[in-house]
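Structure, as structure tokens:
Readers should treat all values here as calculations from the given coordinates under stated rules, not as data from a laboratory. These numbers come from a predicted model, not from an experiment. Here Cβ is always computed from backbone atoms with ideal geometry, including for glycine, and neighbour counts include all displayed protein chains.
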Amino acid sequence: EAGVTQFPSHSVIEKGQTVTLRCDPISGHDNLYWYRRVMGKEIKFLLHFVKESKQDESGMPNNRFLAERTGGTYSTLKVQPAELEDSGVYFCASSPVQKIYEQYFGPGTRLTVT
Amino acid sequence: QKEVEQNSGPLSVPEGAIASLNCTYSDRGSQSFFWYRQYSGKSPELIMFIYSNGDKEDGRFTAQLNKASQYVSLLIRDSQPSDSATYLCAVNPTGNQFYFGTGTSLTVIP
């Protein structure tokens, strides 16, 4: 069974540019989460999808961040326009309906905004 | 005050010893508690979860939960060099949000 995959693994962009991160959850996992880890800080929750619906987006920092999960499969997280403080590692995780708390993490996307 | 507090370490133990990792949390209503292991440059991997007060054992790992003291720990028996990693404590208070600690770095010395 393939794990959670994320693309790209690294992204370096300039302040003001736009970046889109992609997450492909484990097949059949209805729950999809986005997290962010800023250097030296803890992993922080951003939002949670159940299928294509946003269940909880209370962790999204501001309206420069937009997450979508059209069709309930893969998800994208767009940052527009990027700011320096958006740098960090963005993790995606998924879990099945039956074991909602057993999250499987992807390898993360390291975003650097210069 | 942070939601979840962990000693960042580093914690060093000799091979074969017991490694003890600790975590405290602030939300007294928290219901679910998790331990993740993260190797350098890799993604967090769930190794244990516990919902009830007391101990839960899985192989060489034991999770301990004390809700009255808002304290959760992870014991690793017969530590191996392959256990060297950062261990993240995570707490689910209510709903679907998870709060993570900053992690404790563990080194098992051969």
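Want the number for A:Asp56 to A:Thr20: 0.36 nm per residue separation, take away the alpha-carbon distance, what's left?
Extra length from A:Asp56 to A:Thr20 when fully extended: 11.0 nm.
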Fewest-first sequence of B:Lys67, A:Lys41 by Cβ atoms within 10 Å of each Cβ | A:Lys41, B:Lys67
Which whole number gives the average count of other chain Cβ atoms within 10 Å of the Cβ atoms across peptide B:88-97?
-> 4
Given the pairs A:Lys41/A:Lys78; A:Lys51/B:Lys56; A:Lys15/A:Lys41; A:Lys54/B:Lys42; A:Lys51/B:Lys67; A:Lys54/A:Lys99, which are separated by over 30 angstrom at their Cα positions?
-> A:Lys51/B:Lys56; A:Lys51/B:Lys67
Measure off 7 Å from each Cα along the Cα-to-Cβ vector at B:Arg60 and B:Asp27, then give the distance between these two points in nanometres to one decimal.
-> 3.3
Contact order relative to length of chain B, as percent, for alpha carbon pairs under 8 angstrom and 6 or more apart | 38
Determine, from the Cβ-Cβ distance of A:Ser9 and B:Glu15 and an R0 of 41 Å, the FRET efficiency 1/(1 + (r/R0)^6), rounded to the nearest 0.05.
-> 0.80
Fewest-first ranking of A:Met60, A:Met39, using other Cβ atoms within 10 Å as the exposure measure = A:Met39, A:Met60
Ranked from fewest to most other Cβ atoms within 10 Å of their own Cβ, A:Phe45, B:Phe33, B:Phe61 fall in the order B:Phe61, A:Phe45, B:Phe33
Relative contact order (percent) for the stretch A:66-114, with alpha-carbon contacts under 8 angstrom and 6 or more residues of separation?
-> 34
All Cα pairs of the stretch B:1-103, percent lying beyond 25 Å | 14
Relative contact order, percent, of chain A when contacts are C-alpha pairs under 8 Å separated by at least 6 residues?
-> 37
Dimensions of the protein assembly as shown along principal axes (Cα, Å, largest first)?
-> 49, 39, 34
10 Å Cβ neighbours from other chains, averaged over peptide B:27-39 | 1
So what J values fall out for the stretch A:12-26 if you push phi through Karplus, 6.51 cos²θ - 1.76 cosθ + 1.60 with θ = phi - 60°, rounded to Hz, Gly and Pro as x?
-> 10, 9, 8, 3, x, 7, 10, 9, 10, 9, 10, 10, 10, x, 5
